Amino acid sequence: MDQSVSSQRRGAIRHAPFNLHFIWYALGLAVFGGFGMGAHLAFVIGFGYLPGASLSSMVQAHGHLQLLGWTGLFIIAVSSHVLPRLTNAKPIAPTRLNFMLWSIVLGLLFRTLGLLLVAYGTREAFGRTLVGVSGYLEGLGIALYLFILAQTIKKHNPQFGAAAAAGIKPFMVTSLLGWLVFALGNILVSTHFALGEALLIDPNWNSLVNEIFITLVLLPVCFAFSVNTFPIFLRLRAPYWPVARVTLLYSVSAVVRLTTLGFYTAGGNAFWLSVSLVAQLIQGLSILWFIWELDIARRKAPWFKKFRIEDERESRPPRKKAADYGQFGNFEWLLYGAYVCLAAAALGDVIYAGFELLRLGSPIGIDIIRHLYLLGFVTQLILGMAVRKIPGFLGRSYIVFPSLVNLSWVFIVLAVLCRVVPPVFWGRGEHVWLVRAWGTSGIWGLLAVVCLAVNLIATAKD
C-alpha cells in the first residue's frame, strides 16, 4: 500500500505557478497604450483641440492594443493556468509561455510604432515593414497558444455531474475557431498595408477583423468563465441548463453574420448585408437567452440548495450573494454591471438589425454597441474577475485594497455612461456638456484600470 501511494505521488502532476508576466504586460499596454491612448483621443476631440495627423492611426492602434493587448493577454494568462488543471494535463512549459508573450507583445509594439511612423511620414518604408512583421509575430504567438488550447480541449472530458466544467467546452471550441480566423485575418490586413501605399490599414477589413475577435473570441471566453465561476462566486444555480444549445445558436449566428459581412465587405450586393443583419438579430437574441439561463437575476435557488437546506456556514456566515467575507471588495458590483451592459449591447444588436432591415435607420450606432460589449461588459468583467480570481492563483485569500475595487466600479460606470450615452443625443441639438462628458470617458476608464493595477501589484508583493 505504501508503495502504491508513493507511486501515485511520483506520478502526480505538479502544476506550474501562475505566470504574472502576462498580467503585467496586459496592464502596462492598457495603461500606457490602449486606455492611455483612448483617454488622450477622447479628451482632444471632446474638448475641441485640433487632432494631429496621427488621429486615425492612433484610433486603429488603440483598438488593436485594447483587443489583443489588454483583453487578449488576460485571456491567455488565465486560460493557460486554469485549463491544464481542469483537464489534469501537464503544465505549459515556461519557455512556451514566454515565446507566446514576447511574440504578441513585440507584434503589438511593432504595429503601433509602424502605424505612427507612416502617419507622420517619418521613415514610412520602415513603418510599413514593422506593421507587416507585426502580423506574423502575433500570429506565431497565437498559433502556439492554439496548439496548446486544442490539445487541452481534446483531453477535456469532465466527469458526469460536473456541470460547470462541462459547460465551458462548447464556448472554448468557438473561441478556438475565433483565434484562428482572427490570426489569419490580422496577418492579411497587416501584409496588405505593408505592401500598399494607404496611410491606414483598410478600415472596413480592419473593422471586420476586430469584430471577429470580439464575437468569436472575447464573448465566448467571457461566457465560459461566467458559467464556470459564477455559481460559486455569486451563488447562482448550477449550469444544468442547455449550455450546448445556447452556444450552438450563438456560434452559428455569429459565424453566418461575420461570413456574410465579409462577402459584403469584399464588394458583394445588399443581399449579403441583409443576411448579416438577420444573423446579428439572432445573435443578440441568443445572448439574451444566455443571460436568462445563467440566472444573473437570481430567479432560481443557488446550486448548494440541492445539497443542503442551510445556505450559511455554521460558524461564520459569508455575504449572502457573494460567498466570501468582503476581503475582495464588492467585486460582484462589477460582475452585475458587466451583465447589465451585456444585456444592453445584445438588445442594441437586436434594435440595430431590426431597424436596418426595415430601412428605418437605427437610433443606436454600431460604435455604441461595440463599446457596450468591450468597455461595459468585457472590461468590467475583467476588473471584477481579476481581483477575485488572481489572488487565489498567487496563494492569497484577499486583495490588499478592497476599497479600490469599489472605486474601480465607480470609475468604469462613469466611463461607460460618458462613452455610450452622449452619442445617442448627437445630431439632436447643441449639447456641449455631453461632448465634454464624452471627452472624459477615456480618463475614467484609465483610472479604473489603474485601480486594478495598484491592487494586483500590492497583492502580489504582500
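Since every read-out is calculated from the coordinates, none of them should be taken as a lab result. Nothing here was measured: the structure is a model prediction, and the numbers come from that model. Note that each Cβ is placed from the backbone with ideal geometry, even for glycine, and that neighbours are counted across all protein chains shown.
For mean projected area of the Cα convex hull in nm², the listed values are (i) 26.2; (ii) 28.1; (iii) 24.5; which was obtained by calculation from the structure presented?
Entry (iii).
Tell me the Rg and the Dmax, in Å, that the Cα atoms of the stretch 338-382 produce.
Over the stretch 338-382's Cα set, Rg and Dmax evaluate to 11.0, 37 Å.
What list of ³J(HN,Hα) couplings, whole Hz, do you get for the stretch 332-340 from phi and the Karplus terms 6.51, -1.76, 1.60, once you set θ to phi - 60° and write x for glycine and proline?
Couplings: 5, 4, 5, 5, 5, x, 4, 6, 5 Hz.
Under a crude label model (7 Å from the Cα following the beta-carbon direction), how far is Lys90 from Leu288 in nanometres?
Taking the two extended label points, one gets 4.9 nm.
Residue by residue through the stretch 409-422, which ³J(HN,Hα) values in whole Hz follow from phi under the Karplus form 6.51 cos²θ - 1.76 cosθ + 1.60 (θ = phi - 60°), with glycine and proline marked x?
5, 4, 5, 6, 5, 4, 4, 5, 4, 5, 8, 9, 6, x
Can you figure out the FRET efficiency of His40 with Val424, using R₀ = 30 Å and their beta-carbon distance, to the nearest 0.05?
0.80
Given a Förster radius of 41 Å and the C-beta distance between Ala458 and Asp367 as r, what FRET efficiency does 1/(1 + (r/R0)^6) yield to the nearest 0.05?
Using R0 = 41 Å, I get an efficiency of 0.70.
Based on the mean of other beta carbon atoms within 10 Å per residue, what is the order of 320-327, 448-455, most packed first?
Output ranking for 320-327, 448-455: 448-455, 320-327.
Report, in debye and to the nearest 20, how large the dipole of the chain comes out about its Cα centre when Lys and Arg carry +1 and Asp and Glu carry -1 on their Cβ.
Here the chain has a charge dipole of around 1460 debye.
Helix 380-393 against the longest principal axis of the chain: what's the angle in degrees, Cα atoms only, rounded to the nearest 10?
That helix lies at roughly 40 degrees to the long axis.
If the limit is 23 Å between Cα atoms, which of Lys320/Lys461; Lys169/Lys389; Lys90/Lys389; Lys169/Lys320; Lys300/Lys321 go over it? Spell out each step's value before the answer.
Numbers: Lys320/Lys461 30 Å; Lys169/Lys389 20 Å; Lys90/Lys389 21 Å; Lys169/Lys320 29 Å; Lys300/Lys321 13 Å.
Correct reply: Lys320/Lys461; Lys169/Lys320.
Just to check I understand the Karplus step: with θ = phi - 60° and J = 6.51 cos²θ - 1.76 cosθ + 1.60, what whole-Hz values come out for the stretch 350-363, glycine and proline as x?
Using θ = phi - 60°, the values come out as 5, 5, 4, 5, x, 5, 5, 5, 7, 6, 9, x, 6, x Hz.
For Val105, what charge total do you get from the other residues with a beta carbon under 14 Å from its beta carbon, if Lys and Arg give +1 and Asp and Glu give -1?
0
What is the calculated FRET efficiency for Leu357 to Arg245, with r their C-beta to C-beta distance and R₀ = 22 Å, to the nearest 0.05? Mind showing how you got there, number by number?
On the way: r = 25 Å, r/R0 = 1.14.
So the FRET efficiency works out to roughly 0.30.
Kindly rank 373-385, 348-360, 262-274, 101-113 from highest to lowest mean number of other beta carbons found within 10 Å of each residue.
Ranking the peptides 373-385, 348-360, 262-274, 101-113 by packing returns 373-385, 101-113, 348-360, 262-274.
Would you calculate a helix-derived [θ] at 222 nm for the chain, using -39,500 (n - 2.57) for each DSSP H run of n ≥ 4 and dividing by the full residue count, to the nearest 500?
Computed ellipticity for the chain at 222 nm equals -23500 deg cm²/dmol.
Within 14 Å, Cβ to Cβ, of Gly384, how many net charges do the neighbouring residues add up to if Lys/Arg are +1 and Asp/Glu are -1?
Its environment carries a net charge of +1.
Using only Cα atoms, find the angle between the long axis of helix 203-213 and the longest principal axis of the chain, and express it within 0 to 90 degrees, rounded to the nearest 10.
Helix 203-213 and the main axis of the chain meet at about 10 degrees.
How far is helix 270-294 tilted off the main Cα axis of the chain, in degrees rounded to 10, range 0 to 90?
The answer is roughly 30 degrees.
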